[in-house]
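Presented below is the structure to which this report refers.
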């Protein structure tokens with residue numbers, strides 16, 4: 001099991017970090033007391049969900065429990081459970097500005113100024129920072145940059161792991177899917193609906209797909225869509241996007257859009273992409 005432990009300064013961006021991991025298939029828990037990490041790892045190992053990746057945020061909010069983190073980490077290592085610690089940090093003046101702008105109180109802020117609370121927290125976290133596998137300073141990072149830094153820390157420099165693409169067919173007469181990122185109009189292809197032997201079939205039929213592929217532009221179109229996806233995917237990831245919805249439309253969502261969606265889906269799966277196929281109006 002792949003275990004990631006996120007810790008670091010309050011206001012440094014741990015919530016954004018855990019959300020990024022959740023989007024990439026990790027089972028995530030925020031503010032987990034260190035003493036419960038081992039028990040929870042045992043629990044998910046026995047579960048029927050077959051959880052392969054888990055991430056936990058544990059930090060100073062745990063109060064006295066947080067002081068047990070090093071001991072709990074040693075226990076995990078003694079039990080042969082591998083984990084990686086990512087420490088999220090930021091400069092003091094940046095943390096103060098973030099707390100002030102968000103009008104939030106610091107977890108150690110009772111009777112302390114922001115500067116004093118941050119100094120106290122930094123001293124308490126220093127032993128964990130020293131043993132962390134990776135430290136990320138978010139002072140000058142946007143959320144997308146933080147996601148990229150986490151990908152690199154996990155050995156996925158391009159951030160391609162966990163990127164999902166939904167290939168969807170639809171019929172224009174029922175409306176364009178609201179969730180579509182890219183909409184492609186397949187009505188330039190001759191319509192199988194007007195062929196008596198194909199009219200009552202759908203794009204799932206091999207005969208319909210063969211008819212659709214007879215149009216010389218169809219294969220070039222599919223090639224260009226797959227090439228476009230492979231070229232744009234790193235750019236989407238760089239901007240913090242972890243999924244893409246490509247929707248293919250025809251008049252009724254029965255023939256041309258279904259056939260094309262299936263063929264693009266099969267090409268992407270052949271390229272080892274994490275793709276899902278859906279026919280909205282079939």
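Every number here is computed from the coordinates shown, using simple stated rules; none is lab data. Worth saying up front: this structure is predicted, and the values here are computed from it rather than measured.
Calculate for the chain the 222 nm mean residue ellipticity that helices alone would give, adding -39,500 (n - 2.57) per DSSP H run of length 4 or more and normalising by residue count, nearest 500 deg cm²/dmol. Kindly include the intermediate steps, with their values, before the conclusion.
Numbers: 9 runs with 117 residues, N = 282.
Roughly -13000 deg cm²/dmol at 222 nm, from the helical runs in the chain.
Any idea how far the Cα center of the stretch 1-41 sits from the one of the stretch 189-251, in Å?
First find each Cα centre; the distance between them is then 39 Å.
In whole Å, largest first, what are the principal axis extents of the Cα atoms in the stretch 164-279?
48, 27, 20
I need the per residue convex hull volume for the stretch 53-138, using only the alpha carbons, in cubic angstrom as a whole number. Present the calculation step by step, with values, prior to reporting the outcome.
Values: hull volume 9.5 nm³, N = 86.
Per-residue hull volume (Cα only) is 110 Å³.
On the Cα set of the stretch 127-202, report Rg and Dmax in Å, please.
23.2, 75
Grab every C-alpha pair in the stretch 91-218, bin the distances at 10 angstrom width from 0 up to the longest one, and report whole percents.
9, 21, 19, 13, 13, 11, 11, 3, 0
For the chain, calculate the relative contact order in percent as a whole number, restricting contacts to Cα pairs under 8 Å that are 6 or more residues apart.
On the way: 455 pairs, mean separation 58.0, N = 282.
So the answer I get is 21 percent.
I want to verify the translational diffusion coefficient of the stretch 2-153 in µm²/s; compute it with Stokes-Einstein, Rh as the Kirkwood radius over Cα pairs, at 25 °C and 0.890 mPa s. Working shown, then result.
Numbers: Rh = 15.9 Å.
Once the numbers are plugged in, D ends up at 154 µm²/s.
Which three lengths, in whole Å and largest first, does the stretch 1-74 cover when its Cα atoms are put on their principal axes?
For the stretch 1-74, the Cα extents along the three principal axes come out at 33, 26, 15 Å.
Roughly how many whole Å is it from the C-alpha centroid of the stretch 263-282 to that of the stretch 85-134?
45
For the chain, build the convex hull from the C-alpha positions and give me its volume per residue in Å³.
Dividing the Cα hull volume of the chain by its residues yields 155 Å³.
Using a Gaussian network model of the chain with C-alpha springs under 10 Å, which one of 29, 176, 246 is most mobile by mean-square fluctuation?
176
Percent relative contact order of the stretch 164-279, based on C-alpha pairs within less than 8 angstrom and at least six residues apart? Don't skip to the end; give the middle numbers.
Values: 189 pairs, mean separation 61.0, N = 116.
This gives 53 percent for the stretch 164-279.
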